[in-house]
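The values are calculated or read from the model by the stated rules, or taken from the named source; none is laboratory data. What you see is a predicted model; the values in this text were computed from it and never measured. Note: ideal-geometry Cβ built from the backbone for every residue, glycine included; neighbour counts use all protein chains shown.
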Amino acid sequence: MAAPNSAADFPSAALPLLRNVQLRDNVRHATDVIQRKRSRVVGEMPDWEMLRDSAQRIREHTMEYLADYLEQFEQNCTAAGGQVHWARNAEEANRIVIKLAQNATASVIKIKSMTTEEIGLNRALEAAGIQPVETDLAELIVQQSHDRPSHIVVPALHINRHQVRDLFARTMNLTQLTDRAEDLTEAARAYLRQKFLQTPVAISGANFLVAETGGVCIVESEGNGRMCLTLPRTLIAIAGIDKVVPRFRDLEVMLQILPRSATGERMNPYNSIWTGVHPGDGPQEFHIVLLDNRRTEILRDADARETLHCIRCGACQNACPVYLQTGGHAYNSVYAGPIGAILTPQLALMREGQSLPYASSLCGACYEVCPVKINIPEVLIHLRGRIVQQQPQLQRTFGLEAIAMRFAQWLFLSEARLRLAQWIGRMAQKLFIGNSGWIEKLPGMLGGWTRTRDLRPMPPQSFRAWFEKRSESSTVRNQGKYE
Amino acid sequence: MRIALFITCYNDTLFPETGIAVVRVLERLGHTVDFPAAQTCCGQMHYNTGYQAEALPLVRRFVEVFREHDVICVPSSSCVAMIREHYAKIAVASGDLRLQADVTTLLPRVYEFTELLVHRLNVDDVGATYPHRVTYHASCHSLRSLHLGDVPLRLLGKVRGIELVPLQKLDQCCGFGGTFAIKNADVSGAMLEDKLHCIENTQAEVCTACDNSCLMHLQGAIHRQRKAVRTEHIAHILASEGGSAEPRKDTV
Amino acid sequence: MNDAIARTEILARIRSANAKPKTMSAVDDWKALPRQYRQQSTRDLASCISLLEDRLRDYGAGVHRSARGQVSAGIAAILRQRNSRQVLVPAEIDRRWLPQQFAFVTDTDLSHGELDACDGVLTGCSVAIAMTGTLGLCHADGLAPEQRAGRRALTLVPDYHLCVVESSSVVETVPQAFEALEPYKGQPVTFISGPSATADIEMTRIQGVHGPRVLDVLIVD
Ligand code: SF4
């Protein structure tokens, strides 16, 4: 199998996580709670499937006319006093942000944003001497514990309240802090309050860009988002070029499906929509960085471009039985779970994260919940195909798996060969049958099976042999075309 | 009615008793079962693992072998899902117009076994007797690709003597996933543990499903851990007539 | 400049990925998008209002009703109950709402610190969505005084928000709210659904983080 170039591949990264009982309990609890809430609020929408259909088509349509919509967004945002920047990759985006922030401030307040994670903005800011302060509670926890987010919507779901207490007690110097969620939240509120009121520059992501108006929409719960969007003098937003929607009205679809899918709420506490600069209201300087970072590569692949339809609700993660076992860190990537399994390798031009498309049993639970109907299993299979295709010629020809696959195909292309293989299998399996009468240990690749499972041996007679014997007359004879 | 059976490669080799049970049920209902001998494999393993080029000849072969058959019965929902969800796409990708046309006429003729009984033959009582405590595991493909819904349960509900116990977390994958079980053996094993736990909670004697692939996976761990429950393909239960319902020696 | 090069290149890459000729213009294709979801209301106003009440309570907001002409008395009762003294109001507020016995602070470009020193804020509401329990706050010139909510910081910094909702501003569905806001779509809009909240620690929902921790809604019949 193709090994990723860097970072541990999924199966090996998963191993220590599977043994971490505490972590698995935390993940299980969190995903259970969100799933239950989600299915309740989705269940009360008789038009849910119609909303999904519309959402899917809106996203598809947007991608088809993406260049036009981005130009339209740029024009309208600029007319409203905003400044639009374009970045081909992470370095360019980081450079733009640093340049804007550098002279204005020594620290910036930040709203949780997967995109800034993707480009490693915090590291870049720190290197430039600017201190980024995460203001979303979960991101604050992750940042202060020098950890990585493990979920798109609830980045700290792998950390429980006792762990948060110990952390805050240390970093905020609060020795008396209890581990009640209320007290921990209150501690974060007090810690951030002055920062909100005084920091002159904020950095955010964006949930949606509205081409028609040049507006930006951000969806959040805690009010930290509104603080960042409203109080500082300067606001810098970073958005993937995939974030655009054609018109204001299209938000009526997105804002119905997103909160129900993401947190299981009918509507999240706060949605902010603003357009450029509003005199006397909010930041008087607004910049937006439109980021490609290989999204245009994804757009090029007709069978995978629906990956770009994602609105980062995280529902696929909560529904995924693989994610449930390992949590997000096994994916070694900013985007975990099913969406990570398709997005990460593509963002790396299929040069990294090649084990991720295989980190799925193709059960389809992700597709079932995805509010924009991304057929994730289909994309996974397609990417597996690309990974096989791009194997070096040597591996594609002589690799163990490739040989096994071609050999199996060769058998299946002839009934006689299949029969012969069945006969040989029955003979050969005797080598592996244990005392219990079952196969308990298989060699090579197949050994994965017998690590936790036995295998019943092949019975002495195949079905085709049985059928043939019982009545020659009703067997349709070989029709000649195939051996 | 003449019904062609596509037994699938793994049932043919590993679970011939499932095919035998399917034949018994269909014949008991007065139908004639054909078995086109040239049949082998639908190409699912190749396709899902990324060897799409290698799957194409198998798709062609399947189309050819079943060209003349009006009703094709498949006792495996994952193979039906492969055919329904991917054959058309594979045909388009091949650029072969004739294959595309062939696939279009093939698809409406392919039925999963329980789907055939309920939707095509319009029976839910197949005259079976099976006096055991049974829980039904919905395979992912039966649930999300074929949308079988309560079709298998309707059939099981009509079996005499059966005691059906619902399985918790019915919609959660057992962790099989074809080559996933090997490539990600540890995660797959952890998913399997969860499923086993739910099955044990039902205190059923038998866990059944429309797919021997999931059952083989479950059975593998049940055997390793010497658990009391056993697995049976749904065809086996529907074929039972009381006396013959005793577990096969080789699955205990 | 780098930016310009990046811009040209990104747009060119998108256009080349989308090179397949289109059969329709973007506008026509957009108009043809399916919108089978619910847009119009199926309830009368009274039942919309009771749904709104229900959904607001579900978020932990306080809900009060008042007859037209009694608004000021209603506000007084709520503020007394909340023990709020320094209450902020937007300059454009409907002055008839304000009860005599309270000192209101009118927003005249107050600093963040001055906003922070207030106990609470009293505003109108541009549109309220019954199905989701959402208050839509906008501050556009075309809106009537009772539909205006002031600049965004007003309803954010103080720890308490009392929002007056005229029954004529209540709609049932989210699409109806977007229809109502369509004329103001270039203006800042904030949708508020209950007090600020987080579930980041063990998925326990905690009400009140950075935004107002207490939200009261007074519905005027
Ligand atoms: S892929 Fe779909 S379900 Fe997953 S995060 Fe994106 S939008 Fe949500």
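In table form, for the structure just shown:
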quantity: Selected residue [part of a loop (DSSP other than H, G, I, E, B), β-branched (Val, Ile, Thr) and either more than 7 Å from chain A (Cβ to nearest Cβ) or in contact with a Gly (Cβ under 8 Å, 6 or more places away or on another chain) (or both)] from B:7, B:3; calculated: B:7
quantity: Some residue of region C:182-189 being surrounded by 23 or more Cβ atoms within 10 Å (Cβ to Cβ) and more than 8 Å from every other protein chain (Cβ to nearest Cβ); calculated: no
quantity: Candidate set: region A:307-327, residues that are under 23 Å from residue A:8 (Cβ atoms) and within 9 Å of the chain's Cα centre (by Cα); chosen: the one farthest from the ligand (Cβ to nearest atom); calculated: A:317
quantity: Residue within region A:151-168 that is more than 23 Å from residue A:29 (Cα to Cα) and of a type outside the set (S, T, N, Q) present; calculated: no
quantity: Residue list for region A:378-393, restricted to those being more than 7 Å from every other protein chain (Cβ to nearest Cβ), more than 10 Å from the ligand (Cβ to nearest atom) and under 18 Å from residue A:300 (Cβ atoms); calculated: A:378, A:382, A:383, A:386, A:389, A:390
quantity: Tally of residues being at pLDDT 95 or above and within 13 Å of chain A (Cβ to nearest Cβ) across region B:233-252; calculated: 2
quantity: Answer from C:57, C:65 - the residue that is over 17 Å from the mean Cα position of the chain (by Cα) and of a type in the set (D, E, K, R); calculated: C:65
quantity: Any hit, region A:57-77, residues being in a helix (DSSP H, G or I), among the aromatic types (Phe, Trp, Tyr) and over 24 Å from the mean Cα position of the chain (by Cα); calculated: yes
quantity: Residue identified as more than 26 Å from residue B:218 (Cα to Cα), basic (Lys, Arg) and within 17 Å of the chain's Cα centre (by Cα) among B:98, B:144, B:109; calculated: B:109
quantity: In region A:168-182, the residues that are outside any loop (DSSP other than H, G, I, E, B) and over 13 Å from residue C:201 (Cα atoms); calculated: A:169, A:170, A:171
quantity: Candidate set: region A:105-138, residues that are in contact with a Phe, Trp or Tyr (Cβ under 8 Å, 6 or more places away or on another chain) and assigned to a helix (DSSP H, G or I); chosen: the one farthest from residue C:196 (Cα to Cα); calculated: A:118
quantity: Checking residue A:344 against (1) within 10 Å of the ligand (Cβ to nearest atom); (2) modelled with pLDDT of 95 or more; (3) of a type in the set (Ser, Thr, Tyr), the condition it does not meet; calculated: (1)
quantity: Filtered residues of region A:447-463 (kept if at the interface with chain B (Cβ under 7 Å from one of its Cβ atoms), assigned to a helix (DSSP H, G or I) and buried (at least 16 other Cβ atoms within 10 Å of the Cβ)); calculated: A:448, A:449, A:452, A:463
quantity: Exclusive hit being in contact with a Lys or Arg (Cβ under 8 Å, 6 or more places away or on another chain) and either surrounded by fewer than 21 Cβ atoms within 10 Å (Cβ to Cβ) or more than 10 Å from every other protein chain (Cβ to nearest Cβ) (or both), set B:96, B:70; calculated: B:70
quantity: Filter result (within 16 Å of the ligand (Cβ to nearest atom), under 16 Å from the mean Cα position of the chain (by Cα) and either more than 25 Å from residue A:34 (Cα to Cα) or facing chain B (nearest Cβ under 9 Å) (or both)) within region A:357-369; calculated: A:357, A:359, A:360, A:362, A:364, A:365, A:367, A:368
quantity: Residue that is within 7 Å of chain A (Cβ to nearest Cβ) and in contact (Cβ under 8 Å) with a residue 12 or more places away in the chain, where the choices are C:43, C:38; calculated: C:38
quantity: From the options C:140, C:177, residue that is surrounded by fewer than 22 Cβ atoms within 10 Å (Cβ to Cβ) and at negative phi; calculated: C:140
quantity: Search result, residues across region A:396-416 that are part of a helix (DSSP H, G or I) and touching a residue at least 40 places away in the same chain (Cβ under 8 Å); calculated: A:400, A:401, A:404, A:415, A:416
quantity: Residue in region A:370-377 that is more than 13 Å from the ligand (Cβ to nearest atom), surrounded by fewer than 24 Cβ atoms within 10 Å (Cβ to Cβ) and of a type outside the set (D, E, K, R) present; calculated: no
quantity: Test for residue A:304: is it within 16 Å of the ligand (Cβ to nearest atom) and away from chain C (no Cβ under 14 Å); calculated: no
quantity: Any hit, region A:151-160, residues being modelled with pLDDT of 95 or more, buried (at least 24 other Cβ atoms within 10 Å of the Cβ) and of a type in the set (A, V, I, L, M, F, W, C); calculated: no
